[in-house]
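Computed from the coordinates by the stated procedures, all read-outs in this text should not be read as laboratory data. Since the structure is predicted, the reported quantities are computational estimates derived from the model, not experimental observations. Neighbour counts run over all protein chains shown; Cβ positions are idealised from the backbone, glycine included.
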Amino acid sequence: MITKTKPMSLPEVKEILAKQESEKAKSTLQFIKKFTKLTPAKAKELRKELEKLDIFGLKEEEIVKIIDILPEDAEDLRKIFVGSDLSLKQDDIEKILEVVKKYKAK
């Protein structure tokens, strides 16, 4: 029974699936490994840093997308917010990209 839901990045899902024994979990894990760019620990650190930016209106779902995609420029970042009510200021975009850049280099 599902009691709670929380948006999770691919590295976080990878960490959970790695502990599972089922064939479905193993198959899904193989698929996720192809697209995961960060370790679960680095993804959690990045999440905390993005939350600390305290950008008004930035939702947990969008933070997870930022972690999964690791946008390289403002255009890539804006694509995450297509259809969203959030309109980022240039200053906020630069802050997010600066944080993401640190994790891409690691």
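Values computed for the structure shown
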quantity	calculated
Estimated FRET transfer efficiency (residue 19, residue 54; beta-carbon r; R0 30 Å; 0.05)	0.40
3J(HN,Hα) from dihedral phi, segment 77-82, Karplus parametrisation 6.51/-1.76/1.60, rounded to Hz, x for glycine, proline	5, 4, 4, 5, 9, 4
Likely footprinting exposure, 36, 28, fewest C-beta neighbours within 10 Å first	28, 36
Phi to ³J(HN,Hα) by Karplus 6.51 cos²θ - 1.76 cosθ + 1.60 over segment 34-49, Hz, x for Gly, Pro	5, 10, 7, 9, 10, 6, x, 5, 5, 5, 5, 5, 4, 4, 4, 5
Zero-based 5 Å bins, Cα pair distances in the chain, whole percents	2, 12, 22, 22, 18, 12, 7, 4, 1, 0
Given 19/59; 6/34; 37/101; 44/104; 44/89; 42/102, the pairs whose alpha carbons are separated by over 19 Å	19/59; 6/34; 44/89
Approximate spin-label separation residue 75-residue 30, in nm, with each point projected 7 Å along Cα-to-Cβ	3.6 nm
Assigned charges on the beta-carbon of Lys, Arg, Asp, Glu; the chain dipole about Cα centre (debye)	560 debye
At q = 0.12, 0.18, 0.22, 0.28 Å⁻¹, base-10 log of I(q)/I(0) for segment 1-57 (Debye sum, equal scatterers on each alpha carbon)	-0.36, -0.71, -0.92, -1.12
Taking 81, 56 and counting other C-beta atoms within 10 Å, the order from fewest to most	56, 81
